[in-house]
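Scroll down for the structure; my scribbles are underneath it.
Readers should treat all values here as calculations from the given coordinates under stated rules, not as data from a laboratory. Fair warning: this is a prediction, and the values are worked out from it, not measured in the lab. Here the Cβ is made from the backbone with ideal geometry for all residues, glycine too, and neighbour counts use every protein chain on show.
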Amino acid sequence: MKNSLFIKAALSQETERPPVWMMRQAGRFMPEYWEIKNKYSFLEMCKTPEIAADVTMLPVDLLGIDAAILFSDILVTGEAMGGQLSFEQGVGPRFANPVQNLKDVEALEVDVLDRLQYVADAIRVIQSRLSKLGDQQIPLIGFAGAPFTVMSYLVEGGSSKDFKKTKLFMFNQPEAAHKLLQKIADVTVDYLNMQIAAGVNAVQIFDSWALALSWDDYREFSHQYIQNIISRLNRTVPVISFCKGSSVFAPIMAEAKPDVVSVDWNADIRNIKSKLPQGIAVQGNLDPFVLYADKAVIKDRILRIIERMRGEKGFIFNLGHGIMPDIPFDNVKYAVEVIKEFRY
Ligand code: CP3
């Protein structure tokens, strides 16, 4: 993988153009995703290695993206620990047995790798498909949810607008919250090390909802556990740390020593990079809503970000958050073409 643009950029080496991949690149904005989704439930898709591989390959084959990301979900760790997980159309993820107190936390299991073996199996199938692409060298990104974000789903029982239950759990039952966060961190270390052993070429930690936290609470209830996870990973592949809130938290994120900080769309990405220690790359940071706009706007906003990063080593083009399901496929394809045609 040494010649992959993505790996080079993740390791802060020079590239002739920025590599590009997009969060949620395999999903509902693709008609080909629906052809599969209409036949299986989302969790069946995740748990059947051949299907997970088919979906993982869609953006590689149809968009010409520079990196593949494993088709799975951040909530499978919560499910393996004992959460009763379902994904319902129009409702999103649901845990039927939300965590409410210390007793509930104590009931969750941590020795659960055998329940996640389907992910290792999927990684092996995907790698055999990617190897058939020959010289292209498309790396596979594995991932897991960060403890705070996974905890929020376990406590809320699903998605939340304001994280009220999660915050009250943290504020009023800190011992239980910390115990839960540490349990998720322990599972995540095993899980990511399993993915690395099975052959992923990079891993990303998703802390999608960190932006709900204050500076102090981010340190105490999120960063501390991400740092713990990263320090225990088998560091044979680059580690990417993503959070929404990175425009504010990037300097703290860097203390956990990831290879790449993934930046949301609020900040000037070059300014964020300048605040990070040498050798930490950045990924980002297009507002995904730009992909709804006219092509001239899409091109302009992409080139602004790329020009801003000119002369900087260690830049991966991505969105500030995931692609929305109703973004036109054509626009996403166009965005990838604009980035791939660019030369510094
Ligand atoms: O990026 C990829 O293409 C890889 C696959 C991937 C999925 N989820 C597939 C998915 C990844 C990396 C994730 C991560 C994930 N899951 C995050 C972190 C990234 C982010 O967007 O913040 C979060 C917060 C989740 C939790 C989750 N899973 C939610 C909130 C939802 C529902 C979203 C919605 O709009 O309904 C899911 C379901 C999910 N995960 C889908 C996909 C393709 C949709 C399932 C379907 O087809 O119905």
Inset, instruction - Mind listing the long-range amide H neighbours of Q13? Cut-off is under 5 Å, sequence gap 5 or more, other chains count too, H placed in the peptide plane at 1.01 Å from N. - result: G314
Legend entry - Likely footprinting exposure, H321, H178, fewest C-beta neighbours within 10 Å first: H178, H321
Inset, instruction - Pop out the ³J(HN,Hα) list for the range 282-297 in order, Karplus 6.51 cos²θ - 1.76 cosθ + 1.60 with θ = phi - 60°, rounded to Hz; leave Gly and Pro as x. - result: 10, 10, x, 9, 6, 4, x, 5, 4, 6, 7, 7, 5, 4, 4, 5
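What net charge is computed for the residues neighbouring T15, neighbours being all others with C-beta under 9 Å from the C-beta of T15, Lys and Arg scored +1, Asp and Glu -1?
+1
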Legend entry - Peptides ranked, highest mean first, by Cβ atoms within 10 Å: ranges 208-216, 35-43: 208-216, 35-43
Legend entry - For Q283, residues with placed amide H under 5 Å, excluding near neighbours: V261, S262, V263, I316
Legend entry - Cα pair count fraction exceeding 39 Å, expressed as % - the chain: 8
Legend entry - Global form of the range 10-103, assessed from the alpha-carbon gyration tensor, a/c cut-off 1.5: oblate
Legend entry - Estimated dipole of the range 1-139 in Debye, rounded to 20 [Cβ of Lys and Arg +1, of Asp and Glu -1, Cα centre]: 240
Legend entry - Size of charge dipole - the range 157-298 - debye, nearest 20, with Cβ of Lys, Arg +1 and Asp, Glu -1, no other charges: 60
Legend entry - For the range 239-344: rounded, prolate or oblate by the Cα gyration tensor [a/c cutoff 1.5]: prolate
Legend entry - Residues M151, M1, sorted so that the one with the fewest Cβ neighbours within 10 Å comes first: M1, M151
Inset, instruction - Go through 125-135, 16-26 and give me the packing order, highest mean Cβ count within 10 Å leading. - result: 16-26, 125-135
Inset, instruction - Would you please give the residues with an amide H less than 5 Å from that of A202, counting only those at least 5 places away or on a separate chain, with H modeled from the backbone geometry? - result: L140, G142
Legend entry - Estimated vicinal HN-Hα couplings, Hz - the range 10-22 in sequence order (Karplus 6.51, -1.76, 1.60; Gly, Pro = x): 5, 9, 6, 9, 6, 9, 6, 8, x, x, 9, 8, 9
Inset, instruction - Relative to the longest principal axis of the C-alpha atoms of the chain, give the angle of the C-alpha long axis of helix 246-255, reported between 0 and 90° and rounded to the nearest 10°. - result: 80
Inset, instruction - Would you work out the charge dipole size for the chain about its Cα centre, treating the Cβ of every Lys and Arg as +1 and the Cβ of every Asp and Glu as -1, and quote it to the nearest 20 debye? - result: 680
Inset, instruction - Any chance you could give the angle, 0 to 90 degrees and rounded to 10, that helix 147-156 forms with the longest Cα principal axis of the chain? - result: 60
Inset, instruction - Could you tell me which of G142, M309, W21 has its Cα farthest along the dipole of the chain towards the positive end, charges placed at Cβ (Lys, Arg +1; Asp, Glu -1), taken about the Cα centre? - result: M309
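Explain nothing, just the number: relative contact order of the chain, from Cα pairs under 8 Å at least 6 residues apart, as a whole percent.
Computed over the chain, the figure is 22 percent.
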Legend entry - Residue-by-residue Karplus 3J(HN,Hα) for the range 84-98, coefficients 6.51, -1.76, 1.60, Hz, glycine and proline x: 8, 9, 9, 10, 10, 3, x, 9, x, x, 9, 9, 6, 10, x
Inset, instruction - Measure nothing fancy, just the Cα-based angle from helix 329-341's long axis to the longest principal axis of the chain, in degrees from 0 to 90, nearest 10. - result: 60
